[in-house]
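K.L.:
The structure's right below; bear with me while I get my questions together.
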Amino acid sequence: MTVLSCSLDRLFFSTYRPRHHLPSPINYGSNFKIISSQNPLKKNIAFQKSKSTPKKTTKISSSSDSAAISTTKKTFHGLCYVVGDNIDTDQIIPAEYLTLVPSNPHEYEKLGSYALIGLPSSYTARFVEPNNTKTKYSLVIGGDNFGCGSSREHAPVALGAAGAVAVVAESYARIFFRNSVATGEVYPLESEVRICEECKTGDTVTIELGEDKLINHTTGKEYKLKPIGDAGPVIDAGGIFAYARKTGMIPSQAA
Amino acid sequence: MASSAFAPPSSSLISHKHDFGLSPAKCKRSHSRRIVSVMAPQQTQRTPASTGSVKTAMTLTEKILARASEKPALMPGENVWVNVDILMTHDVCGPGSIGIFKREFGQNAKVWDREKVVIIPDHYIFTADERANRNVDILRDFCKEQDIKYFYDITDLSNFKVNPDYKGVCHVALAQEGHCRPGEVLLGTDSHTCTAGAFGQFATGIGNTDAGFVLGAGKILLKVPPTLRFVLDGEMPDYLLAKDLILQIIGEISVSGATYKAMEFVGSTVEGLNMEERMTLCNMVVEAGGKNGVVPPDSTTYKYLEGKTSLSYEPVYSDQTARFLSEYRFDVSKLEPLVAKPHSPDNRALARECKDVKIDRVYIGSCTGGKTEDFLAAAKVFLASGKKVKVPTFLVPATQKVWMDIYTMEVPGSGGKTCSQIFEEAGCDTPASPSCGACLGGPRDTYARMNEPKVCVSTTNRNFPGRMGHKEGQIYLASPYTAAASALTGYVTDPREFLH
């Protein structure tokens, strides 16, 4: 029933570099316009933003209007939480919490309270303090293969529900990356070097998405990020469905 | 496809070649030609479309996606809309997927095809956790509303046997119920959906949002993966199982070695594996980061499917000149039983080198190591030993059928004993109700869940921190042979202690 144009081709895979087939250039800009965005609902109070950023919720949503957003000038600013390599989905959201259904708003919030609770005790700082549902760290910095393991969408959802806006990792496991984009919960950004070794939990960090840059104010260092590409607008819109509706690709409700 | 071309693939078509576990001369003889000849199908008449045009050589995975996207040819890297043949979901991700489906397509929307959605409660079943129980109810309500043809329901949690529809672990149930067919596209809201690739189909795991989309549209946007080829040759030693082979491979390429790629398993050893062993091989493809795994279908596949499915299917095979990203070759006769040590599936070690690791328990179960063949293998070791286990040994059959087999199938060489009898004599726990069980921890009251820090040898698929419950638990992934041997000694043990 849905007819999605080929221009959506590159949605999920901006970070993939095939070895023997170079992707054709993305013909994005001219085909669709983002004419409205959902109400920005940035849940993390400690998070400062330079302009209103649309953040999806899992509430029953219709496309409500707010300021039009430019996808290239997004800035995130906040504290970072640093983890290592191969952070698998069991560490991001242990299986015992998977009875919570993400599309249920109340359970969505609960999921957030358990984000990264599966990390070993060597991580002395908790991502979400006990008895809280929100984190004070809006940015997660990781190493290789972030999000490996299960296909559970609860993983990016828990991070987003807790208030994280972006993960910056060296590389991602594919299902986690895909789920992050499809849900619009967090921006799965990629660094060029091992930022996880140069940042510490609690550092103040700014990400300039439009300039593909991460600045660690605590250390004074700047880092180049890989462009999020076509996945960016999808996350901006609040996920794949919201994006497709917003761009007129699918009707807001089918019969 | 003409079967007259027997030359091995020319090296220019393979970016990297790796040879492992071999004495150089042996591995490189005409076995590679034999591989090629086996790829020529022996049975069904195939239309030119399924053989792939001569001009565009494609791998098995590429061919499946080409056909499913109605394109004559595809190359890795292309993003295509693919028709889905089967969408599977279970009690953990089903409710979320259903929620998204209703939210996006409308509360009164209907699924794209009521016969192509297979709903299998299996993860958190035998528990008092109210939310877990509620999630099965949500599935039931949806299936009633949508008139879903395949819903393997359970209503009486106190006795799985009185639930005639209930199956158990989704990936094993899919195979046993004939939903896995060569050449098709099967998606599931579970990372181990790749298991079905053992049937020569494209099978991969997706999240709730993607599943919600497929429920309504019957299609999904996928990027065509390049294929890594794993050639496994040599006679399979009688102390090795498919689990050892896949642990060998994951240890070789690491937990991200196959990210975004397809893993194709060929070779004389693979041809000699039965379907359940092939499923074990494909099951852990995701542990290497792989998108999907495939084994070319053959007479073993067709025989397994006889009587299980009434739908016709059309297998496809990699063209002889198809391009692979890399090729890895293994001389299986040289391999030894392995474990994956805590806390990563690629933390490979020889079982015999871990013989000083004292263990607290053994777990035999899951889609990876809880199938009939897996229990037969464990029984073989217990039978050979004749002794009792030294640590609690938990047995969790994957499905009702597996449970039945444990209680009815005779173990060869035992003088007519069933697996269950052998397990009882060895002092194992009574085989439990079929489900995913403690493979992924689950609610606190899950049978065999690791609620304290313990050392466990397990036939499951992941051993990241906290996987089976407790964060400080130590999980050694192993084959059923190795797990049984370890149970008998109370230490990580190479099964050759008992099997030779």
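K.L.:
Count, for each residue of B:469-476, the Cβ atoms from other chains sitting within 10 Å of its Cβ, then give me the mean as a whole number.
P.N.:
For this peptide, the per-residue mean of nearby foreign Cβ atoms is 2.
K.L.:
What ranking of A:THR206, B:THR368 emerges when the number of other C-beta atoms within 10 Å of each C-beta is taken as an exposure proxy, fewest first?
P.N.:
A:THR206, B:THR368
K.L.:
Using θ = phi - 60° and the Karplus form 6.51 cos²θ - 1.76 cosθ + 1.60, what ³J(HN,Hα) does each residue of segment A:213-218 get, whole Hz, x for Gly and Pro?
P.N.:
10, 10, 10, 9, 6, 6
K.L.:
Given B:LYS261/B:LYS303; A:LYS74/B:LYS341; A:LYS224/B:LYS71, which pairs have Cα atoms separated by over 31 Å?
P.N.:
Distance filter (> 31 Å) returns A:LYS74/B:LYS341; A:LYS224/B:LYS71.
K.L.:
So, one more: Return a single number: how many Lys pairs in segment B:346-499, at a sequence separation of 8 or more or on separate chains, have alpha-carbon atoms below 15 angstrom apart.
P.N.:
Number of lysine pairs found: 9.
K.L.:
Also, I was wondering about something else. Would you order B:GLU271, B:GLU425, B:GLU104 from fewest to most other beta-carbon atoms within 10 Å of each residue's own beta-carbon?
P.N.:
B:GLU425, B:GLU271, B:GLU104
K.L.:
According to a simple spin-label model (label point 7 Å from Cα along Cα-to-Cβ), what is the distance in nm between A:THR218 and B:ASP356?
P.N.:
Spacing of the two 7 Å Cα→Cβ label points: 4.0 nm.
K.L.:
Just to check I understand the Karplus step: with θ = phi - 60° and J = 6.51 cos²θ - 1.76 cosθ + 1.60, what whole-Hz values come out for segment B:193-198, glycine and proline as x?
P.N.:
4, 4, 3, 5, x, 4
K.L.:
Quick check for me: using +1 on Lys/Arg Cβ and -1 on Asp/Glu Cβ, what's the dipole size of segment B:346-499 about its Cα centre, in debye to the nearest 20?
P.N.:
220 debye
K.L.:
Please rank A:TYR172, B:TYR124, fewest neighbouring Cβ atoms within 10 Å first, as an exposure proxy.
P.N.:
Exposure proxy ranking, most exposed first: A:TYR172, B:TYR124.
K.L.:
Quick one: of the DSSP bridges fully inside segment B:346-499, what percent are antiparallel, nearest 5?
P.N.:
That works out to approximately 15 percent antiparallel.
K.L.:
Averaged across the residues of A:180-191, what count of C-beta atoms belonging to other chains lies within 10 Å of each residue's C-beta?
P.N.:
Going residue by residue through A:180-191 and averaging, the value is 2.
K.L.:
Which ³J(HN,Hα) values, rounded to whole Hz and listed in residue order, are derived for segment B:152-169 from phi using the Karplus coefficients 6.51, -1.76 and 1.60 in 6.51 cos²θ - 1.76 cosθ + 1.60 with θ = phi - 60°, glycine and proline given as x?
P.N.:
8, 6, 9, 10, 9, 6, 7, 8, 4, 5, 8, 9, x, 7, 4, 10, x, 3
K.L.:
Let a ≥ b ≥ c be the square roots of the eigenvalues of the Cα gyration tensor of chain B; is it rounded (a/c under 1.5), or, if not, prolate (a/b larger than b/c) or oblate?
P.N.:
In terms of gyration-tensor shape, oblate.
K.L.:
Determine, from the Cβ-Cβ distance of A:VAL193 and B:TYR447 and an R0 of 35 Å, the FRET efficiency 1/(1 + (r/R0)^6), rounded to the nearest 0.05.
P.N.:
Taking R0 as 35 Å, the efficiency between A:VAL193 and B:TYR447 is 0.15.
K.L.:
While we're here: What is the set of long-range amide H partners of B:ARG329 at a cut-off below 5 Å, with H atoms built 1.01 Å from backbone N?
P.N.:
The list, which skips near neighbours in sequence, is B:HIS18, B:ASP19, B:PHE20, B:VAL231.
K.L.:
Would you list the P(r) distribution for segment B:346-499, with all Cα-Cα distances sorted into 10 Å bins from 0 and each bin expressed as a whole %?
P.N.:
That works out to 13, 46, 34, 7, 0, in percent per bin.
K.L.:
For segment A:124-255, what proportion of DSSP beta bridges, expressed in % and rounded to the nearest 5, is antiparallel?
P.N.:
55 percent
K.L.:
Out of the DSSP beta bridges found with both residues in chain B, what percent are antiparallel (nearest 5)?
P.N.:
25 percent
K.L.:
Non-local amide H neighbours of A:LYS226 (under 5 Å, H modeled in plane, Pro and chain starts lacking H): which ones?
P.N.:
A:GLU190, A:SER191, A:GLU192
K.L.:
Could you state the principal axis extents of the C-alpha atoms in segment B:261-397, from the largest down, to the nearest angstrom?
P.N.:
Result for segment B:261-397: principal-axis Cα extents of 50, 37, 26 Å.
K.L.:
Right, something else. Using just the helices of chain B, give the 222 nm mean residue ellipticity in deg cm²/dmol: DSSP H runs with n ≥ 4 each add -39,500 (n - 2.57), and the total is spread over all residues, rounded to 500.
P.N.:
Calculated mean residue ellipticity at 222 nm is -8500 deg cm²/dmol.
K.L.:
Report, as an integer, the average count of C-beta atoms from other chains found within 10 Å of each Cβ along B:90-99.
P.N.:
Neighbouring Cβ atoms belonging to other protein chains average 5 per residue here.
K.L.:
Expressed as a rounded percentage, what relative contact order does segment B:346-499 have, with Cα pairs under 8 Å and six or more residues apart?
P.N.:
Computed value for segment B:346-499: 33 percent relative contact order.
K.L.:
Near the amide H of B:ILE359, under 5 Å away, which other amide H atoms are found, from residues 5 or more places off or on another chain, if H is placed in the peptide plane?
P.N.:
For B:ILE359, whose amide H was placed from the backbone, the distant partners under 5 Å are B:TYR491, B:VAL492.
K.L.:
Would you kindly give the portion of the calculated P(r) for segment B:78-202 that falls above 22 Å, as a percent of all Cα pairs?
P.N.:
When every Cα pair of segment B:78-202 is considered, 35 percent fall beyond 22 Å.
Values quoted throughout were computed directly from the atomic coordinates according to the rules given, and no laboratory measurement underlies them. None of the values given here were measured: they were computed from a predicted structure. Cβ atoms come from the backbone with ideal geometry, glycine included; neighbour counts cover every protein chain shown.
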